[in-house]
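Comments concern the structure below.
The values are calculated or read from the model by the stated rules, or taken from the named source; none is laboratory data. Treat the numbers as computed from the prediction; the structure is a model and nothing was measured. Cβ: placed from backbone, ideal geometry, glycine included. Neighbour counts: every protein chain shown. Each accessible area value is taken on the protein alone, full model and side chains, heavy atoms only, with ligands, DNA and RNA left out. Shrake-Rupley method; radii C 1.70, N 1.55, O 1.52, S 1.80 Å.
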Amino acid sequence: MIIGTSATAVKSECARLAYSLNWQQHAMGIPASWPQSLVSTLSIIFNSKFPMFLFWGPQFYCFYNDAYRPSMGNSGKHPGAMGQMGQAAWPEIWAIIHPELEQVMNGGESTWHEDAHIPIFRNNQMEDVYWTYSYSPVIGEWGKVAGVFVTVNETTKRVLAEKHLINLTNQLKVNAGALAKSNQALAQLAYIASHDLKEPLRMVTSFMELLKRKYAGQLDDKANTYIDFALDGGKRMMRMIDDLLEFSRINGDGRRREMVSLDDITKEAGKNISRLIKKNNATIKVTTPLPALFVFRSEITRLIQNLASNAIKFRKKEIDPLIQVNATEKDDEWLFSIEDNGIGIEQEKCEKIFEIFTRLHTQGTYDGTGIGLAVCKRVVEHHGGKIWVESEVGKGSIFYFTLLKQ
């Protein structure tokens, strides 16, 4: 506020409010009688875009600017707090702020607080409010502290957002811990169950093979057919148990990520299925450079191996299988594709094939347990990626999956 300036010429809403008060009836007297230290301080406050407040004199009369005004709420203190004694304006927090105001007035030392929790009455209710503020002494004409200059910023939204984020993080940690324990328990259960299932299954298949050898030539064709069915079912059940065990171990085997070259992993996967490749005269061709990523090596090897095996299994009889591996760099991930020239997949079944125990063909047509692609999906999701397929019957398939860069 500048003495001699009319209220209508002042742009600040709070300055106009201060001018409009009946100072003749006020203990501070009219503005023309105010000391220059007060006038200068108010001029700074009313013209500032930063939230500021002033407590003046022994009674701590209140002044504030437009930038501070929103922190007072839509109803309650404003406009009554302007020019009011501090205790009358802030009765709900006076016991908190008054000792510090006196400390500054008497000692002349500034104070600083960050994200202080000081609830106030606003919007017709008590609200939890957080403040970052500083109390600084205003030196009067006689060299003594005449008031307390306050720079203040309400940090309620940020503090509450940070607390909410901390709570969410803690809850996620709790959930992650519980999930890890659950996965570990499930993996252990699957291992025990598969082991217990294998023993009687081995006994059944062993005795059926013994029966077939011992009574060779003594049984009729129908009996031999029944024995063959039993043996084949036992072997398929054994493979299914092994695949189910492998599926359960993903994300629960305690291994750690490591930086590995996807080119090396592709070569390793090719070696693992070298007999299948040779038998079908198949070719695995890497068409672009493959990156090195921080992954679970054994899982990604199984992913490439399963997709390549599938491409060979569902080949066209008239041409040799060709599998092309490609990688494209994106903003925060790598997009991989494994393309084949096989029989293809019907469009409406392209999502269903990733479900566990899903088979699109009869056992007699193509061997398998229906777990391989479910393993692929779980491996990719364990690495934070996605997997899908684009295919057309008779024209082959392209399996896509993403892996994060970090």
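So, in segment 225-243, exactly how many residues are surrounded by 15 or more Cβ atoms within 10 Å (Cβ to Cβ) and either in contact with a strand residue (DSSP E or B) (Cβ under 8 Å, 6 or more places away or on another chain) or over 20 Å from Gly372 (Cα atoms) (or both)? Give the derivation first.
Step one: filter segment 225-243 for residues surrounded by 15 or more Cβ atoms within 10 Å (Cβ to Cβ), giving 227, 230-231, 233-234, 237-238, 240-241, 243.
Next, only the ones that are either in contact with a strand residue (DSSP E or B) (Cβ under 8 Å, 6 or more places away or on another chain) or over 20 Å from Gly372 (Cα atoms) (or both) stay: 227, 230-231.
Residues in segment 225-243 being surrounded by 15 or more Cβ atoms within 10 Å (Cβ to Cβ) and either in contact with a strand residue (DSSP E or B) (Cβ under 8 Å, 6 or more places away or on another chain) or over 20 Å from Gly372 (Cα atoms) (or both): 3 in total.
The residues of segment 1-22 that are outside any helix (DSSP H, G or I) and either modelled with pLDDT under 60 or in contact with a Cys (Cβ under 8 Å, 6 or more places away or on another chain) (or both), listed by number, are Met1, Ile2, Ile3, Gly4, Thr5, Ser6. Every condition in (1) closer than 22 Å to Asn280 by Cα; (2) open to solvent by 20 Å² or more (accessible area, probe 1.4 Å); (3) modelled with pLDDT under 95 is met by Glu339 except one, and the failing one is (3). Looking for something at pLDDT below 90 and either open to solvent by 70 Å² or more (accessible area, probe 1.4 Å) or of a type in the set (S, T, N, Q) (or both) - is there at least one such residue anywhere in segment 256-270? Yes, some residue in segment 256-270 is at pLDDT below 90 and either open to solvent by 70 Å² or more (accessible area, probe 1.4 Å) or of a type in the set (S, T, N, Q) (or both).
When residues in segment 84-122 are screened for being among the acidic types (Asp, Glu) and under 35 Å from the mean Cα position of the chain (by Cα), 2 of them pass.
Let me confirm something: among Ser71, Ser75, which residue is crowded, with 19+ Cβ neighbours inside 10 Å, out of contact with any Leu (no Cβ under 9 Å at 6 or more places or on another chain), modelled with pLDDT under 95 and not charged (D, E, K, R)?
Numbers: Ser75 fails: crowded, with 19+ Cβ neighbours inside 10 Å.
When all the criteria are applied, what remains is Ser71.
Within segment 203-228, the set of residues being of a type in the set (Ser, Thr, Tyr) and in a loop (DSSP other than H, G, I, E, B) comprises Tyr215 only. Counting only strands (runs of 3 or more DSSP E) wholly contained in segment 252-362, the ones carrying 2 or more residues that are touching a Gly at 6+ places or on another chain (Cβ under 8 Å) and over 25 Å from Ile241 (Cα atoms) occupy 333-339. Of the residues making up segment 116-169, those that are open to solvent by 60 Å² or more (accessible area, probe 1.4 Å), part of a strand (DSSP E or B) and either farther than 30 Å from Asn74 by Cα or in contact with an Asp or Glu (Cβ under 6 Å, 6 or more places away or on another chain) (or both) are Phe121, Ile139.
Within segment 78-115, the set of residues being part of a helix (DSSP H, G or I), in contact with a Ser or Thr (Cβ under 8 Å, 6 or more places away or on another chain) and either over 17 Å from Ala146 (Cβ atoms) or open to solvent by 10 Å² or more (accessible area, probe 1.4 Å) (or both) comprises Glu100, Gln103. Scan segment 57-68 for residues that are open to solvent by 10 Å² or more (accessible area, probe 1.4 Å), closer than 18 Å to Asn153 by Cα and not hydrophobic (A, V, I, L, M, F, W, C) and the total you get is 2.
For segment 353-382, residues that are open to solvent by 30 Å² or more (accessible area, probe 1.4 Å) and modelled with pLDDT of 85 or more total 4.
Ile227 passes every criterion in (1) in contact with an Asp or Glu (Cβ under 9 Å, 6 or more places away or on another chain); (2) at pLDDT below 85 apart from (2). Could you look through segment 383-398, keep only residues that are open to solvent by less than 40 Å² (accessible area, probe 1.4 Å) and more than 16 Å from Phe336 (Cα to Cα), and pick out the one that is modelled with the highest pLDDT? Here the residue is Gly396. Flag set for Gln25, criterion: farther than 22 Å from Glu141 by Cβ and either open to solvent by 30 Å² or more (accessible area, probe 1.4 Å) or modelled with pLDDT of 95 or more (or both).
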